[in-house]
Each structure stands twice: as C-alpha cells, then as structure tokens.
1. Can you confirm whether Ala240 is touching a strand residue (DSSP E or B) at 6+ places or on another chain (Cβ under 9 Å), assigned to a helix (DSSP H, G or I), under 26 Å from Asn13 (Cβ atoms) and open to solvent by less than 60 Å² (accessible area, probe 1.4 Å)?
2. Being open to solvent by less than 50 Å² (accessible area, probe 1.4 Å) and either more than 17 Å from Ser151 (Cα to Cα) or free of Cβ contacts under 8 Å to residues at least 12 places away in the same chain (or both): is that true of Val19 here?
3. Leu292: in a helix (DSSP H, G or I), open to solvent by 10 Å² or more (accessible area, probe 1.4 Å) and in contact (Cβ under 8 Å) with a residue 24 or more places away in the chain, yes or no?
4. Select from the stretch 78-97 the residues that are part of a loop (DSSP other than H, G, I, E, B) and over 32 Å from the mean Cα position of the chain (by Cα) and write down the one among them that is nearest to Val49 (Cα to Cα).
5. Where residues in the stretch 302-338 are assigned to a loop (DSSP other than H, G, I, E, B) and charged (D, E, K, R), which of them is nearest to the chain's Cα centre (by Cα)?
6. Take Ser28 and decide whether it is among the hydroxyl-bearing types (Ser, Thr, Tyr) and either touching a helix residue (DSSP H, G or I) at 6+ places or on another chain (Cβ under 7 Å) or closer than 14 Å to Ser97 by Cβ (or both).
7. Just one of Ala201, Ala181 is touching a residue at least 60 places away in the same chain (Cβ under 8 Å), assigned to a helix (DSSP H, G or I) and open to solvent by less than 60 Å² (accessible area, probe 1.4 Å); which is it?
8. Between Gly413, Gly447, which is outside any strand (DSSP E or B), over 22 Å from Arg210 (Cβ atoms), among the small types (Gly, Ala, Ser) and touching a residue at least 40 places away in the same chain (Cβ under 8 Å)?
Amino acid sequence: MISSRRMAAVDENAEALGVSRKQLMESSGNAVAREVREVADPGASVAVVAGRGNNGGDAFVAARFLADHDVSVHLLGRRETITTAISRENWGALAESDIPAEEVSDSRALDFGEPDVLVDALLGTGVSGAPREPEASAIDAINESEATVVSVDVPSGMDADTGETPGAVVDADRVVTFHDAKPGLDGETVTVADIGIPEAAELFVGPGDRNVLGRDPQAHKGDFGKVTVIGGGPYTGAPALSAQAALRAGADLAYVACPEPVADEVQGYSEDLIVEPFVGTRLQPTHVETLLDRASERDVVVLGPGLGDADDTLRAVRQFLADYEGRAVVDADALQVVPDVDTEATLVCTPHQGELVKMGGPRESEWRDRMAAVESFAADLGHTILVKGAYDIVTDGEATRANRTGNPGMTVGGTGDVLAGATGALLSVTEPVDAGALAAYANGRAGDDAVAENGYGLLASDLLTRLPHALYDDD
C-alpha cells in the first residue's frame, strides 16, 4: 500500500525520470474508462462529475475514451479555476472532441439526468477533512442517483490514508485507484490500475521525496531542529563538518560537544556553531551524565564524528546509548557499539561497507543483493541503517529505499561527516527512513554539483553550501 503523500512523491519522481504527469493522466483516464466499460455496455449513458484538480483531469481523459457511450461531463466550478495545466488542457480537449461538457457554478443546480453510470471525480487522495460546499451537495446528489458509481482514485469525502469519512462521502460501487492500493480503501470493490510508473520512481530517492520538508511561514527559531554533535578529540574537522551540515540541511541550531583542548579549533571553523567543551582529551564515561542532560533539551544527537575508538570512549558511547531515549544518528567508530546496546533511542546508523561488516552486517557486492541483506539486518537490529556506497541503501527492515546520486569524487574524507550532520537535521523534522533517504540524496546531489563545477578533487566542505539547493530548490 502507499500513502497519499508518498504517492505524490512517486508521481514527481516519475516525472524526473521522464514519465510526464500528462502521460500518467492519460493512463489513469484510460483505466477509469476500462472500469466503466466493465459495468456499462456501449451506448449506455455515463455522467462524469469532476472537480478542479488532477482527479477531475483523470475523468476528462476517461470521457474521451468513452466515445462509444453517451457521455457528459459536469465540472464543479469555472474552467478558469481548474488548478493544474494538464487538467485545463484535458478540459479543452473535451470541446475539441465534441463531448458535452458544462460548468456548474451552483452545485444545488447540478443536473446529470438519470445516467447508467456516474463517474465520481470530485476530490482526490490529497484531500482530508469533511467536504465543503459545493462538493458536499454534489456528493449528496451522486448518492441520491440510482446509477452505478465509479470513483476515481478514492470515493470523494474519504481520507485515502485512514478510511475516515468525517462528512459527506460518495457511496461508490467501484473504485479505480492508481499504481498501488491506498490504506483507507476496501479491497473488495477496488481496482488497482498500473499507469506506467517505473519501479525506479518508488525505489530510488528523487526530488518528490522532498515534499516532507515544507515550512510554516509562522515558524519560530527551534521549530526545525536543535542538533548536538558529540565528537572530536582525535579529529576536529569531522564534528565541525557534521554540525555545519546540520545547519545547511535546515536545522536551526547546531551544538558541538567536544574535548576542551580542541574546542577553540572546532569553533574556528564557523561562528555559527555553539561549542560545548568537556574536560579531557577524549570522550569518557564521566562525561555521559552531562551530555545526557544537554541532549534532553535537543531534538537529535549526532554521535561519533571524530571521536576515535579508544576503549573508554567506546564505553562512554555504550553508556550514552543505553540511557538515551531520543533520536540519534550514529556514525564512524561509534557504530561498532550499536549491536551490543539495549537502547530505547531511535537510531539512524550511517556505516560504509566496512563499518557495516564490523557491526555484524552483510557484505554483498551487487547492490540489489546488498539491499535485501541490509533490510534483513536492519530488521534484526531494530534500527534504521543508511549504508553508504555507489548505491546508498536506507532501510528500517520494512521500508527500503536506494539512492544513486553521488560520484567517485566523494571518496574524499569528510563526506560521510557531512552526511551524518544532514541526516541529523532531517531526523529533527521527519521519520528515520525519510531522513536517511533525503540526506543521502542531498549529499550526493551536492557532490554531483561540486564535481560538475570543479571536477574531481573536491573537498567535503564543498558540499556544505550546495546542500540547501539539493534539498529545497526546484530542479
């Protein structure tokens, strides 16, 4: 099954792969017409009642494929208010095809006669809440008819994700939904139509996946995440890169908890970082209580960049995770501790192939084999895993995505630290698999843009200024 939000992402990803929304609408309309033919012989009367969105556009296409029926189209509203260009184009095609089509300015005056079949295309999958006027009256009129009702994608008035009907809802005899079943639909009356969306649009992360990143214009500082990076000691660049990446990926505040001797050096990378030093030259168990207190005031912790693998440092990581109950990204040397820790935390682990094997995970050379093996490993581990590679794999054991942005120039040190920080920012505002998938996509696109501009030999810091464009700009 697929949610309405995920379906919208897949549609956009398909377009990025060269399958236009116009093509998809043509296939959807054809599928609706096939369903009508299942219940109505040639010559039977068919009334299409359409809204102004793409749901209505699907029905306009269906009307063209029903030339051997007595078909009429009733648009609820004025043609100027049709919301998408492809739906307006298909409305115009009705006139060119001599198909009777009327604009209904008052739903109380809606009169579609006594058809054999009614096509309900008022509201689509992206609509929730009780229908308002004029749709509510149109739904009542459809339900009062004795016609066989075929709904497009979802019965108007039903929440496709939950099946809830908070107000008026079309009592459909049949539903034609597209690409995959929707969670709220009853399978007994539903036809799932293949409309030509390629597998890659759902499997690979693409521009459509960014639809989870909208921002409220009334937002305040902190609404989009406070991220703490716990790292540094043996290395200083790694935690600084992660924290800067968190800011570039949208977090509002980025803190770095690091050993006191390197605090000034970490601060020197950027005045935007809030550095919180702790005593000593590396992370030790005595620091954990204070770090847990600080972490409780933040949204996400990024644990591992530049920490090193000293025995007492790994004991501290183990202790932190055992007592932490929030969200965390675990990277670098800290990863080896995860399989042995019983934690209530929500983790996204970001290993490369060697680190994955060190965690007890699989080693597969072919990416599809690796995807299946990592999915199984994540299910056993109980955490989300983002395995870095030419094809990144992101999975929580149930939902699995692959990412193919990026290039060989990103073998340079530090790109994984950028990825960890970006994942932390995104984990502040969305779910673990989405966070990992989007971070991998944006990190790879930033690397691709850097190579396109400067060639191989890029620096990890080259990705930082390109992350916002990868995540938030239109392609």
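The values are calculated or read from the model by the stated rules, or taken from the named source; none is laboratory data. Remember, it's a predicted structure, so these values are computed and weren't measured experimentally. Counting neighbours? That spans all protein chains shown, and the Cβs are built from the backbone with ideal geometry, glycine included. Side chains are part of the model used for accessible areas, which takes the heavy atoms of the whole protein and leaves out ligands, DNA and RNA. Shrake-Rupley method; radii C 1.70, N 1.55, O 1.52, S 1.80 Å.
1. no
2. Answer is yes for this residue.
3. Answer is yes for this residue.
4. Among them, the one singled out is Arg78.
5. Looking at the filtered set, the residue picked out is Asp331.
6. Here the answer is yes, as Ser28 does meet what is asked.
7. Testing whether each residue is touching a residue at least 60 places away in the same chain (Cβ under 8 Å), assigned to a helix (DSSP H, G or I) and open to solvent by less than 60 Å² (accessible area, probe 1.4 Å) leaves just Ala201.
8. Selected residue: Gly413, the only one of Gly413, Gly447 that is outside any strand (DSSP E or B), over 22 Å from Arg210 (Cβ atoms), among the small types (Gly, Ala, Ser) and touching a residue at least 40 places away in the same chain (Cβ under 8 Å).
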